[in-house]
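Since the structure comes first, as structure tokens, the remarks are kept for the end.
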Amino acid sequence: MGCCRVCLICTVCTVLVFLHPGPHRTALALDTDNGLYGSPGVPESASELRRVRTLIQANALDLAQVILETRGPPVLPTELWQAWERQLWALYAARGYWQKLLERTRQIPPAFPVSIHRLADQHAATALIEMKQGFRARRILRKRLRYGTVRDEEIQILRRLIIRSYLADDMLPEASMAMGGYQLDYRSKTEDWLFLSAQINFRAGHIDQAINLTATLDFPSARLLNLYARIVDGSISREQAAEKLRVLAEADQSDRVNGKIRESEIAAVSAFLGQEHDDAEHYLSEVERHLVLTGDVDPPNRSRFPAYGLQDLLHGYIHYAEVEGNRAGLLAGAGSDWLDHALALPPDKLTEKKAIYGYLLQQEDSARFRFQVNNLFVRALVESGSMAIIPMLFGEAAPFGTLVLDGRAGLELSNLAIEQGNIQLAALINNSLAEIPREMDRDQWLLHSSRVSIIAGQHVHGARTLRNWLDEQGSLTAEQIDQVLQPVFDLQKVGQHRWALELLVRIWPRITTIRHQREVAYWIAESYQSTRQFLKAADYFLYSALLEHKGLDQWGESARYRAAESLQSARLYSDARTILADILRRSDNEQRNTQLRQRIQELDLLETSRASEVKHTH
């Protein structure tokens, strides 16, 4: 048939890492258990767990997560179930899905062994600490210390987690006191403990002690903390620090086994380096990168590295713009001169351009002037790979107000955002256009923008736009029908069948060709089937089948088979059997015929069972 479902977006997963309950150790999001493998007769779930780990190594993390959530072994305290569950916990932690990890660990049946609950509590506390809810983490940990049968090794783990919870809540005196007690009791020299101690000392202002504690540690987070501390106390030159940051970033990208530092933390330390040496350009570009990576409007309460928020970015725009303005002899209040200067800069001066645009949007009130700057600024953000901060800067409650763009620039930026995989931004840009782009007529634009909105998850907005557009049309050309069916398919894919049906019912009377009648009838039937309106589904499937070729072509056979499925779901077994028997009689595909005979036998069994139920009822 002429109309097919087209995938618009390809999602590319990136490698993520698992943050263990210890303060620094990281590993690939695999929780291996060699005891599951290497023996004959491996249980199906164990074999599938091995495949899941292969998916994780291939970065197919969404698929791995779905399988782990839905295909696990029975919930029993077996070694296999525990291995399966630990792998899911590891994957949640690797992806930063702390709320999911917390909820999953709280679902352990009460009757399960203490050892399982012990590990679940440690992961739950880790999730709460990462979500900056140290108080809730301490309630779990202290309950485990008070009422559990606790081994000395576990006591140490729990006490370290309690210390981390103090840091998460910014309770530095309590963390320092707990650190002293722990060290007095255990005199620990483990890397985990030395790193945690260094964090506490650093935040307490004991920079030399933090440097000494991390000097012998050779894992990435410790090296970064050591470097940060040396930048703070001035014991390393700017050039040396920049080189060490570069090496750390490269090692972080290549070392997939021993773990990664968060790239945002490297950006934060790099921004601090620029701040310390009054390098406005470096500071601004790194703060911007930090925000792109974290998505945090407000600076988070970090336990070891600097953090920056939206206000820091806004101040960064002003500071760098003023530095450049002074260099160029620009006067405060002369907005047009500043804009002319930015426009005259070469293309490789994007950071300077963005600084001036960000400065002007904080200084100028003229709507016409701001409209011009908006277009330039958003383009510069997209071109520099910083598009993720556009929703932070623009919006009703955002610093720069509602985003308004001209049609041509907006269309170019929207398409660029789609190419880069940021559909949400494309939808935001489309909804911000002051006029329809000249490259499209109104009909083309509404169809295009509504589909982008639907794919971006704005189902109601996109569907209403399509509905209003359809209500304006007397009839539809074949090309328009093909175009409008694509967003309808998108709605069906995400289960928005109520909206899909509302649109298909509006398309139906505007169709002028038999081909489209067959297609639209089929898609109407699909949505009825998905909403369990089986009789309506069977009706439309059969209508689609019989419009041409007496339903004997490939399309008709597919539609009749789907009608039989709907009739079976409606418990009209005899009609379903009649349809399948007719398809079987005309088929010469033996493999297909075997499947049809099995379905017919199933219907005979269901019909017999139903007749027996009716007989006993009477």
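Give me the residue from the stretch 356-377 that is closer than 16 Å to residue 394 by Cα and of a type in the set (A, V, I, L, M) and, out of that set, surrounded by the fewest Cβ atoms within 10 Å (Cβ to Cβ).
367
Consider only pairs whose beta carbons are under 7 Å apart and that are at least six residues apart or on different chains; among these, list those whose first residue lies in the stretch 91-106 and is under 17 Å from residue 56 (Cβ atoms) and whose second residue is of a type in the set (Gly, Ala, Ser) and not in a loop (DSSP other than H, G, I, E, B).
91/64; 101/93; 101/127
Exactly one of these conditions fails for residue 495: (1) assigned to a helix (DSSP H, G or I); (2) open to solvent by 20 Å² or more (accessible area, probe 1.4 Å); (3) touching a residue at least 12 places away in the same chain (Cβ under 8 Å); (4) of a type outside the set (D, E, K, R). Give me its number.
(1)
I'd like the full set of residues that are open to solvent by 30 Å² or more (accessible area, probe 1.4 Å), over 15 Å from residue 281 (Cα atoms), in a helix (DSSP H, G or I) and not polar (S, T, N, Q), limited to the stretch 314-355.
Result: 328, 337, 340, 341, 343, 344.
Which numbered condition in (1) touching a residue at least 40 places away in the same chain (Cβ under 8 Å); (2) of a type outside the set (Val, Ile, Thr); (3) out of contact with any Ser or Thr (no Cβ under 6 Å at 6 or more places or on another chain) is the only one that residue 123 fails?
Condition not satisfied by residue 123: (3).
Quick test for you: out of 488, 505, pick the one residue that is among the β-branched types (Val, Ile, Thr), within 34 Å of the chain's Cα centre (by Cα) and open to solvent by 40 Å² or more (accessible area, probe 1.4 Å).
Being among the β-branched types (Val, Ile, Thr), within 34 Å of the chain's Cα centre (by Cα) and open to solvent by 40 Å² or more (accessible area, probe 1.4 Å) holds for just one of 488, 505, which is 505.
Of the conditions (1) farther than 23 Å from residue 121 by Cβ; (2) at pLDDT 95 or above; (3) open to solvent by 40 Å² or more (accessible area, probe 1.4 Å), residue 216 fails just one. Which one is it?
(2)
Just one of (1) farther than 23 Å from residue 134 by Cα; (2) in a helix (DSSP H, G or I); (3) free of Cβ contacts under 8 Å to residues at least 24 places away in the same chain trips up residue 178, so point out which.
(1)
Please find, within the stretch 235-254, the residue that is farthest from residue 268 (Cα to Cα) out of those that are open to solvent by 60 Å² or more (accessible area, probe 1.4 Å) and touching a residue at least 12 places away in the same chain (Cβ under 8 Å).
Filtering first and then ranking leaves 235.
Given the options 479, 435, 472, 419, name the one that is closer than 30 Å to residue 291 by Cβ and open to solvent by 60 Å² or more (accessible area, probe 1.4 Å).
419
Just the residues that are surrounded by 20 or more Cβ atoms within 10 Å (Cβ to Cβ) and in a loop (DSSP other than H, G, I, E, B), please, taken from the stretch 438-457.
Result: 456, single match.
Looking at this structure, is residue 376 within 21 Å of residue 405 (Cα to Cα) and either at pLDDT 95 or above or not in a helix (DSSP H, G or I) (or both)?
So residue 376 does not fit the description; no.
If residue 107 satisfies every condition in (1) assigned to a loop (DSSP other than H, G, I, E, B); (2) surrounded by 15 or more Cβ atoms within 10 Å (Cβ to Cβ); (3) at pLDDT 90 or above but one, which is the exception?
That leaves (2) as the condition not met.
Which residues, counting only those in the stretch 582-607, are surrounded by 15 or more Cβ atoms within 10 Å (Cβ to Cβ), in contact with a Leu (Cβ under 9 Å, 6 or more places away or on another chain) and not charged (D, E, K, R)?
Across the stretch 582-607, the qualifying residues are 583, 584, 596, 600, 603.
Residues in the stretch 160-170: is at least one over 16 Å from residue 134 (Cα atoms), buried (at least 23 other Cβ atoms within 10 Å of the Cβ) and within 32 Å of the chain's Cα centre (by Cα)? Write out each step before concluding.
Restricting attention to the stretch 160-170, the residues satisfying the condition of being over 16 Å from residue 134 (Cα atoms) are none.
No; the residues of the stretch 160-170 include none that is over 16 Å from residue 134 (Cα atoms), buried (at least 23 other Cβ atoms within 10 Å of the Cβ) and within 32 Å of the chain's Cα centre (by Cα).
State all residues of the stretch 391-412 that are modelled with pLDDT of 90 or more, assigned to a helix (DSSP H, G or I) and open to solvent by less than 20 Å² (accessible area, probe 1.4 Å); if no residue qualifies, say none.
Within the stretch 391-412, just 393 meets the criteria.
Mind counting the residues in the stretch 61-85 that are farther than 19 Å from residue 107 by Cβ and buried (at least 16 other Cβ atoms within 10 Å of the Cβ)?
Residues flagged as farther than 19 Å from residue 107 by Cβ and buried (at least 16 other Cβ atoms within 10 Å of the Cβ) within the stretch 61-85 amount to 2.
Just one of (1) part of a helix (DSSP H, G or I); (2) among the charged types (D, E, K, R); (3) within 20 Å of residue 550 (Cα to Cα) trips up residue 604, so point out which.
(3)
The values are calculated or read from the model by the stated rules, or taken from the named source; none is laboratory data. The shown structure was predicted, so the numbers you read here are calculated from the model rather than taken from an experiment. Note that each Cβ is placed from the backbone with ideal geometry, even for glycine, and that neighbours are counted across all protein chains shown. Please note that ligands, DNA and RNA were not included when accessible areas were found on the heavy atoms of the full protein model with its side chains. Shrake-Rupley method; radii C 1.70, N 1.55, O 1.52, S 1.80 Å.
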